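What follows is one structure encoded as structure tokens, with my remarks underneath.
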Amino acid sequence: MLSLQQKIEAQYKKKQVVAVRTGDQVKVHQKIKEGNKERVQIFDGMVIRTDRKNSLTSSITVRRIASGVGVEKSFLLHSPNVLKVEVVKRSKVRRKFLSYMRQRTGKSTRLTGVDFDRQGVNVIEDEEALKLEEKLRQEAEKEHQAAEAEKAKAQAAEEKKFEEAIKTHDQPSTEDTSSQPAKEDK
């Protein structure tokens, strides 16, 4: 029999998550909300720490170098804001926490690569995440099409004004020529 805490955790846990290990090079697809817009941001880096693997609060810490500065982000794997974690490269490490990587720069940060089944590791049948990602993609496409339609409409209106201005300019008006005095030759 499950305890109350385990029942609540089971509601919020994702069905499957990628088996991420320390030392993996990963791409984390994170949902970012800015005002009323949502977008997907990809954070690419090396996993330097994994915590609580089978728990609802299982997390990974990813480190990357951005503009010469080391940036670390922690991600909860079961969070609805983490859409997808993709393992790009797997490395041979013998520790759970790679704190020594913080002092290393350049070529010394390289780790020995290990062959792994990339397709087998990264394929996750999480239908909810796929639906959400498709929904975000469709919303972005609709916004893009609406912006393009608005742009085309504004351009058509501008062309119409331009054509009307040319027509009025090219047509000689009879009133203007009769009201002007004729020039006399000297």
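No value in this document is a laboratory result; all are computed from the given coordinates. Note that this is a predicted model, so its numbers are computed, not measured. Ideal geometry is used to build each Cβ from the backbone, glycine not excepted, and the neighbour counts take in all protein chains shown.
From its DSSP helices (H runs of at least four residues, each -39,500 (n - 2.57)), the chain gives a residue-normalised ellipticity at 222 nm of -11500 deg cm²/dmol.
Note: relative contact order over segment 1-76, using C-alpha pairs below 8 Å and six or more positions apart, is 21 percent.
Of 135, 89, the sequence from fewest to most neighbouring Cβ atoms within 10 angstrom is 135, 89. Of 85, 26, 114, the residue with the greatest mean-square motion in the GNM of the chain, using alpha carbon springs below 10 Å, is 114. Distance between the modelled labels on residue 127 and residue 107, one decimal in nanometres: 5.1 nm (7 Å Cα→Cβ projection). Remark: segment 12-23, residue by residue, has Karplus-estimated 3J(HN,Hα) of 9, 6, 6, 5, 9, 10, 5, 7, 8, 10, 5, x Hz, where x stands for each Gly or Pro and the curve is 6.51 cos²θ - 1.76 cosθ + 1.60 at θ = phi - 60°. Charge dipole of the chain (Cα centre as origin; +1 on each Lys and Arg Cβ, -1 on each Asp and Glu Cβ, all else neutral): 2480 debye, rounded to the nearest 20.
The 3J(HN,Hα) values that the Karplus relation (6.51, -1.76, 1.60; θ = phi - 60°) gives for segment 142-148 are, in residue order, 5, 4, 5, 5, 5, 5, 5 Hz. Gly and Pro appear as x.
Stokes-Einstein diffusion for the chain, with the hydrodynamic radius set to the Kirkwood value over Cα pairs and evaluated at 25 °C in a medium of 0.890 mPa s, equals 113 µm²/s.
Per-residue 3J(HN,Hα) values for segment 76-88, derived from phi via the Karplus relation 6.51 cos²θ - 1.76 cosθ + 1.60 with θ = phi - 60°, read 7, 5, 8, 5, x, 7, 8, 7, 7, 10, 10, 7, 8 Hz in sequence order (x marks Gly and Pro).
Inter-part distance, segment 18-40 to segment 42-60, computed on C-alpha centroids, equals 11 Å.
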